[in-house]
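Here the structure is laid out as structure tokens; the discussion comes afterwards.
The values are calculated or read from the model by the stated rules, or taken from the named source; none is laboratory data. The model shown is predicted, which means the values in this text are computed figures rather than measured ones. Don't worry about glycine lacking a Cβ; one is built from the backbone with ideal geometry, like all the others, and counts go over all protein chains shown. Heavy atoms of the whole protein, side chains included, go into the accessibility calculation; ligands, DNA and RNA do not. Shrake-Rupley method; radii C 1.70, N 1.55, O 1.52, S 1.80 Å.
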Amino acid sequence: MTAALEPVRPVTLDEIRAARERIANTVVCTPLVRLQLGSGYPDIRLKLENLQPINAYKLRGAANAVAMLSDAERRRGVWTISAGNAGQGVAYAARQAGVPCTVVVIETAPESKKQRMKALGAELILVPFDVAWNAMDARAYPGLDGTFVHPFDDHNFIAGNATMGLEILEDAPDTAVVIGAVGGGGLVTGVGSAVKALKPGIKVYGAEPETAAPAALSFATNAPKVFEEWTVSFVDGAGGKSVFPRMWERMKPVVDGSIVVTLDQTKQAMRLMAEKARVIAEGAGALSLAAALTGEAGNGPIVCVVSGGNIDLEKFCELIAG
């Protein structure tokens, strides 16, 4: 199946602007708010993608990808692979379009994400992380023959993600750095495609947990790498086992690197957003702030993409306690 894929190419500003119009009635133009931390901290603004209808940025890409499917592709039904947020995005867009949807779900995904995908009409197939990751690479899963919507390695999905880059520069034209979590790379590739087309001097960084940081390893070696020390953590919405070669081609021109943070730094960022801005972020949604607070991205202005807020409240309270 991979041989039939179209070659990787840049996402153009025209495509991003067209995607913005296409998904305008589905997604929210989310607010950009300053995080007031006082002197001695970088100038940080939060792009609150946790306020999307599915509480995650993935709706942008999913809505654009589903909208661009042909009638024949829609008739086959759609399926995707997800730890929860991409699945919700595709299910939400599919329901709007009247298209059946199946999600191959990583079995360790939070129960709240599973229940929300079901509520959106998706049929769920629970699998271990390795099975899901391999299926994403192969773009196939036994028994599923509908139209596959890849959760990150998809040109139209990335163009939808990129629409938040337009919003960021409209709300904060003085932005110096944008940071977003890296799972497969679709978020940073999208945002990077938009902001660098408009202001090439802006730096774009990924953020990854220490338990799953293949992008940082790839940038350090200038080649797509597997992260051999990968372990599962509460940061279920980011941190892949590897950087796919196609995604490496997409990321290289528009992303400047990836910042690795500890799990404790991620928990502290979750707590800080809750205390200072009353924002609930899941682990992946807090990676960007954790990365900004390391100082590796400079003094700003830094826009941290809060990529999602889908976390069981009991788990959230447990993680930020103390």
Subject >> The one condition in (1) in contact with a strand residue (DSSP E or B) (Cβ under 7 Å, 6 or more places away or on another chain); (2) modelled with pLDDT under 95 that Ala4 fails to fulfil >> reply: (1)
Subject >> Which listed residue, of Ala290, Ala284, Ala274, is closer than 19 Å to Gly84 by Cα, in contact (Cβ under 8 Å) with a residue 40 or more places away in the chain, among the aliphatic types (A, V, I, L, M) and in a helix (DSSP H, G or I) >> reply: Ala284
Original post:
For region 52-80, what are the residues that are in contact with a strand residue (DSSP E or B) (Cβ under 8 Å, 6 or more places away or on another chain) and open to solvent by 40 Å² or more (accessible area, probe 1.4 Å)?
Top reply: Asn55, Glu73, Arg74, Arg76
Subject >> Selection status of Ala19, among the hydrophobic types (A, V, I, L, M, F, W, C), assigned to a helix (DSSP H, G or I) and surrounded by 14 or more Cβ atoms within 10 Å (Cβ to Cβ) >> reply: yes
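Has region 115-128 got any residue that is of a type in the set (A, V, I, L, M, F, W, C), touching a residue at least 12 places away in the same chain (Cβ under 8 Å), more than 30 Å from Ala194 (Cβ to Cβ) and open to solvent by less than 30 Å² (accessible area, probe 1.4 Å)?
For region 115-128, residues of a type in the set (A, V, I, L, M, F, W, C), touching a residue at least 12 places away in the same chain (Cβ under 8 Å), more than 30 Å from Ala194 (Cβ to Cβ) and open to solvent by less than 30 Å² (accessible area, probe 1.4 Å): present.
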Subject >> Single condition Phe157 does not satisfy, out of (1) over 25 Å from Leu287 (Cα atoms); (2) open to solvent by less than 40 Å² (accessible area, probe 1.4 Å) >> reply: (1)
**OP:** Mind listing whichever residues of region 228-260 are modelled with pLDDT of 95 or more, assigned to a loop (DSSP other than H, G, I, E, B) and open to solvent by 20 Å² or more (accessible area, probe 1.4 Å)?
**Re:** Lys252, Pro253, Val254, Asp256
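Taking the criterion of being within 30 Å of Leu32 (Cα to Cα) and touching a Lys or Arg at 6+ places or on another chain (Cβ under 9 Å), would at least one residue in region 141-148 satisfy it?
no
Restricting attention to region 182-196, and to residues there that are open to solvent by 10 Å² or more (accessible area, probe 1.4 Å) and either in contact with a strand residue (DSSP E or B) (Cβ under 8 Å, 6 or more places away or on another chain) or modelled with pLDDT under 95 (or both), which single residue is farthest from Ala291 (Cα to Cα)? Working first, answer last.
Here is the first cut: in region 182-196, the ones open to solvent by 10 Å² or more (accessible area, probe 1.4 Å) are 183-184, 193, 196.
Then drop every residue that is not either in contact with a strand residue (DSSP E or B) (Cβ under 8 Å, 6 or more places away or on another chain) or modelled with pLDDT under 95 (or both), which leaves 183-184, 196.
Numbers: Gly183: 15, Gly184: 18, Lys196: 20 Å.
For region 182-196, the residue satisfying everything is Lys196.
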